[in-house]
Amino acid sequence: MTKSGELLKYFRIVKNLSSEELAEVAEISVRTLNLIENGDREMRISEIKAFAKKLEIPPEILIDPKLDLKNSYNTNSVTGENHIHINITLDEASKQLLTDVLANYMVKK
């Protein structure tokens, strides 16, 4: 799964949207959305814009983090690690979901 696909799936779940609802806004099939979320297909610019609008997030979040995105992406000069900074407000259930997703991601890494 790509980081972009993981983020897309995470925000879809946090916003309590079904795969069908999110696929519909980008005018793609649920199968195509699943391919994107699993990292088997890249998102097109039009899809990124549609997803970001529906998810109420900046489109930059869904762009491949290898790109140099000013103000939302930077590289730590000491460790060389890449970071994306996202400020969102979550309810307790969403906080727990994010914690679980991140813990699962760190185990796979």
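A few notes on this one:
- Which of 99, 32 has the fewest Cβ neighbours within 10 Å, and the rest in rising order: 99, 32
- In this structure, residue 103 and residue 27 have a Cβ-Cβ separation that, at R0 = 25 Å, corresponds to a calculated FRET efficiency of about 0.15.
- For the pair residue 20 and residue 96, the difference between a 0.36 nm per residue extended length and the Cα-Cα distance amounts to 25.0 nm.
- Counting neighbouring beta carbons within 10 Å and listing from fewest to most, the residues 41, 12, 31 come out as 31, 41, 12.
Rule-based calculations on the coordinates, nothing more; no lab input. What you see is a predicted model; the values in this text were computed from it and never measured. Because the Cβ atoms are built from the backbone with ideal geometry, glycine has one as well, and the counts that use them run over all protein chains shown.
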